Amino acid sequence: MLAHSARMWDDDHDDDTVDPGLSELRATTSIEALHRLLVTRSVGGRSTRHQEAVELFVQHHGDDPSGAVDTAVLLCTEWRWDRCTAKLIAGICATGILDDTALDELADRLLWPARPLVRHPLSWLGLGWTALDPQDWTVVGRGVDRDHPVDNERLPTASPLLRWAAGHLLRRQRTDLGRLRKRAATLDSQHGPSVIAGGLDAVDSLTDDDARRVIDLGLASARAQIRKVALRALVDRGDPSEAVRRARADPDATIRRWAPKLTARIDPAPTTLC
C-alpha cells in the first residue's frame, strides 16, 4: 500500500491566506485534475473557511456526481481545512449532490479504516513513489504499468468527521451500537469518544434499550464534552430530573454550573468536537 505522501505543512499561515495551491485547485477543469492535485500536492496554509472546499465540490459535481465520494474524502482529509471539518462535512451534505447511497459510502470510508483511502493510477506519482505493497513490486518488475491502481492514504479522520459518520450510519441502520463501540475502543482518547458522540446524535432513531445504552456510554466518557451531549440526550428522552441530578454531581465544574440550564433549553448541545 502506498504511504501518504510526505508533505511539508506550513502551520504559520493565518486564516486569510490564499495559497497558490488553492488557486491551482480552483483552476482545474476536470475531476481527475482536481483529484490528482489533492493526492500529489499540499494545498498549503490552514483555513477555517470551509466554503472554499464546498465550492470546489460544487464546481466539479454540481452537474455530475460521478467520483463525488472520492472528492469528498480528499477534501475532508486535506490539512488546510483540518480545523473546520464539522462545517465542511455539513456543507457537502447540504449541497444535495450525494444521495443516501453515496453518503453511506462516504461514512463507511471515513469511519472504519485507520486512514481513509483514495485509489488512483500509479502514473500520478511520477518518479516520487518509493514504496509499494509487495504485490505491486511484481508489476514494477515487469515494467511499470502506469495505469496500475494504488491507494493514497489520507490523514487520519478528524473527530467531527468520525462523529458525523457514526451518527449517519446508525440512523441509516447500516451499523449497530455494538460495532460502533468496538470501533471507538480502537481509537485514542480524543477520537474514540467522537464515535460515541455520533451515536448520541442518532439517539432518536434507536430503540429504547439502545438509546439507554448509548446514553450510558456517553455519561461514562472521560471527556466532559461527551458527557454534556449525553445529559442533553437524557433530557430529550424524557428524564430531565435524572439529567440534572447527574450534572450537579459531575466532576467537571462547568457541567455542574450548567446543570440548571438543562431543562430550560438555553444551552444547545455542542456540534463540534475538538
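Under 27 Å Cα-Cα from K261, which lysines qualify once same-chain neighbours fewer than 8 residues away are excluded?
Correct list for K261: K87, K228.
Quick one: Karplus J couplings for the range 116-126, per residue in order, coefficients 6.51, -1.76, 1.60, θ = phi - 60°, nearest Hz, x for Gly and Pro?
Going residue by residue, I get x, 10, 10, 8, 8, x, 4, 4, 4, 8, x Hz, with x marking Gly and Pro.
Starting at the first residue of the range 232-237, write each ³J(HN,Hα) from the Karplus equation 6.51 cos²θ - 1.76 cosθ + 1.60 with θ = phi - 60°, in whole Hz, x for Gly and Pro.
Those phi angles translate into 5, 5, 5, 5, 5, 7 Hz.
When the label point is put 7 Å from the Cα of E242 along its Cα-to-beta-carbon vector, which residues of the range 182-202 have a backbone N closer than 18 Å?
200-202
Assign one of three labels to the range 159-261, namely rounded, prolate or oblate, based on the Cα gyration tensor with a ≥ b ≥ c the square roots of its eigenvalues; rounded applies when a/c is under 1.5, prolate when it is not and a/b is larger than b/c, and oblate otherwise.
oblate
Please compute the modelled spin-label separation between R213 and D64, points set 7 Å along Cα→Cβ, answer in nm with one decimal.
4.5 nm
Taking H placed 1.01 Å from N in the peptide plane, check which residues at least 5 places from R46 or on another chain put their amide H under 5 Å from its amide H.
H13
Since every read-out is calculated from the coordinates, none of them should be taken as a lab result. This one's a predicted model, so the numbers in the text were calculated from it and none came from an experiment. In this analysis, Cβ positions are derived from the backbone assuming ideal geometry, glycine residues included, and neighbour counts consider all displayed protein chains.
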